[in-house]
1. Can you pull out every residue in region 19-52 that is assigned to a strand (DSSP E or B) and over 12 Å from the mean Cα position of the chain (by Cα)?
2. Could you identify the single residue in Leu348, Leu383 that is surrounded by 16 or more Cβ atoms within 10 Å (Cβ to Cβ) and over 24 Å from Glu241 (Cα atoms)?
3. Are any of the residues in region 269-282 crowded, with 18+ Cβ neighbours inside 10 Å and among the charged types (D, E, K, R)?
4. Which members of region 351-408 meet the condition of being charged (D, E, K, R), closer than 28 Å to Met228 by Cβ and part of a helix (DSSP H, G or I)?
5. Only one of Gly113, Gly138 is over 23 Å from the mean Cα position of the chain (by Cα), among the small types (Gly, Ala, Ser) and at pLDDT 95 or above; which?
6. Is it true that some residue in region 323-330 is in a helix (DSSP H, G or I), within 28 Å of Gly47 (Cβ to Cβ), modelled with pLDDT under 90 and not aromatic (Phe, Trp, Tyr)?
7. Step by step: first the residues of region 351-377, then only those that are in contact with a Phe, Trp or Tyr (Cβ under 8 Å, 6 or more places away or on another chain) and closer than 24 Å to Lys315 by Cβ, then the one that is surrounded by the fewest Cβ atoms within 10 Å (Cβ to Cβ). Which residue is that?
8. In region 103-123, what residues are outside any loop (DSSP other than H, G, I, E, B) and not acidic (Asp, Glu)?
Amino acid sequence: MSVYDILKERGFIEQATHEDEVKAMLENESVKFYIGFDPTADSLHVGHFIQIIVMKHMQNAGHVPIALVGGGTAKVGDPSGKTDMRKMLENNTLEKNADAIGKQISKYLVLDGEKGILENNAKWLDHLNYIEFLREIGSKFSVNRMLEAECFKSRMANGLSFLEFNYMIMQGYDFLELNRRHDCKLQLGGNDQWSNIIAGVNLVRKADRKSVYGLTFTLLTTSSGIKMGKTEKGALWIDKEKTSPFELFQYFRNVNDEDVEKTLKLLTFLPLDEIEKLVNVEGSEINKAKEVLAYEFTKIVHGKEEADKVLEAAKALFGDGKNEENIPSTEFDASLFEDEGYEIRKILIDLGICKSLGEGKRLIQSGGIYINEERVAEFFAALKLEDFTDGEAMLRKGKKVHHKIIMK
């Protein structure tokens with residue numbers, strides 16, 4: 001079975017510029033392909049990770065990934081799916097973000113210059129001669145065609161800056177550069193990148209008369225069409241300092257029943273027959289499939305050792321017949337957690353876990369208090385809004401006392 005068939009069967013593929021040619025090419029040769037990652041933050045999030053999974057499938061099949069960090073395009077900003085112009089980042093921030101994202105991607109793919117390549121489009125975009133660029137590249141683009149693209153049409157009512165209007169041209173130019181530098185023949189991306197991918201394919205064909213192709217895959221969404229990986233704290237990050245492995249595990253452990261099969265196919269490498277056995281169950285038995293999903297994805301992102309730890313922590317919390325409904329909970333007004341937050345010592349008194357601030361201090365200093373499975377290290381530590389996921393935070397004393405804190 002070719003990698004195209006694998007991606008199709010697992011539900012990745014949405015659109016292809018030339019489906020038959022792409023399929024034949026992937027079956028008969030080792031193909032250099034690329035996916036772009038704009039460094040608008042210093043970490044990838046769960047929404048990006050479906051692209052990493054696709055690249056791993058492709059590399060496992062003998063194809064050569066080019067991970068393109070958009071150090072240049074990020075200075076312009078992709079208008080796709082945005083109602084307003086992206087916030088402009090300082091150059092030194094973009095450079096730090098690009099370096100961090102390049103290191104993250106390198107954890108999951110072999111990017112040794114032969115089996116895989118890491119590039120940054122700032123290398124060619126930062127030093128363009130504007131007049132030469134307009135003459136060579138701008139002349140190949142039709143403004144009328146560009147305005148028909150969904151990424152621009154959706155912004156026309158609210159205003160589209162000329163800066164952002166250049167994004168499609170710059171992304172198209174990336175494909176041309178990568179084709180010239182590395183003989184890259186295929187661009188992949190989320191389905192929201194279809195217009196940009198077509199622009200790149202057309203540019204290479206017009207400028208150098210070479211056959212190149214584009215392929216898009218599904219976005220990571222719930223069955224109701226909402227993007228996965230969004231919580232009250234914001235995105236679920238791959239960096240464990242921004243999103244703890246336990247929080248990542250718990251997010252996928254609690255996905256909706258109807259989203260389990262799709263997510264197992266997209267975010268794990270489990271065989272399809274095994275996935276079918278996991279999901280073809282009744283009632284609460286689907287929770288086993290959710291646990292497998294959470295474990296497998298956490299293992300891919302953070303490694304087996306970290307995944308084993310969070311699985312053990314989750315079982316300690318919810319195992320032995322316990323579930324979230326059985327854990328005591330207390331509601332607090334959300335305003336308490338704003339700004340500097342609410343001291344955990346005071347929360348311990350409110351919950352009846354200890355009787356005085358001094359006792360709370362001793363509990364914390366002895367290492368016996370945890371918030372969201374992370375030990376509270378400072379006796380004056382406070383619980384803040386960003387510590388909540390979907391309005392909830394979990395406090396633990398020792399190994400057995402658990403209490404859910406709910407914002408109202």
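The values are calculated or read from the model by the stated rules, or taken from the named source; none is laboratory data. Note that the structure is predicted; figures quoted are calculated from it, not measured. Backbone-built Cβ (ideal geometry, glycine too); neighbour counts: all protein chains shown.
1. As a first pass, look at region 19-52 and keep what is assigned to a strand (DSSP E or B): 32-37, 45.
Listed by number, the residues that qualify are Lys32, Phe33, Tyr34, Ile35, Gly36.
2. Numbers: Leu383 fails: over 24 Å from Glu241 (Cα atoms).
Matching residue, one of Leu348, Leu383: Leu348.
3. No: region 269-282 contains no residue that is crowded, with 18+ Cβ neighbours inside 10 Å and among the charged types (D, E, K, R).
4. Pass one, region 351-408, residues charged (D, E, K, R): 355, 359, 361-362, 373-375, 378, 384, 386-387, 390, 392, 396-397, 399-400, 404, 408.
Among the residues that remain, those that are also closer than 28 Å to Met228 by Cβ are: 373-374, 384, 386-387, 390, 392, 396, 404, 408.
Selection gives Glu386, Asp387.
5. On the way: Gly138 fails: at pLDDT 95 or above.
Matching residue, one of Gly113, Gly138: Gly113.
6. From region 323-330, those in a helix (DSSP H, G or I) are 324-326; that's our starting set.
Right, trim to within 28 Å of Gly47 (Cβ to Cβ) and you get 324.
Now narrow it down to the ones that are modelled with pLDDT under 90: 324.
Imposing the further condition that a residue be not aromatic (Phe, Trp, Tyr) reduces the set to 324.
Yes: region 323-330 contains one or more residues that are in a helix (DSSP H, G or I), within 28 Å of Gly47 (Cβ to Cβ), modelled with pLDDT under 90 and not aromatic (Phe, Trp, Tyr).
7. Looking at residues that are in contact with a Phe, Trp or Tyr (Cβ under 8 Å, 6 or more places away or on another chain) and closer than 24 Å to Lys315 by Cβ, I get Glu374.
8. Lys103, Gln104, Ile105, Ser106, Lys107, Tyr108, Ile117, Leu118, Asn120, Ala122, Lys123
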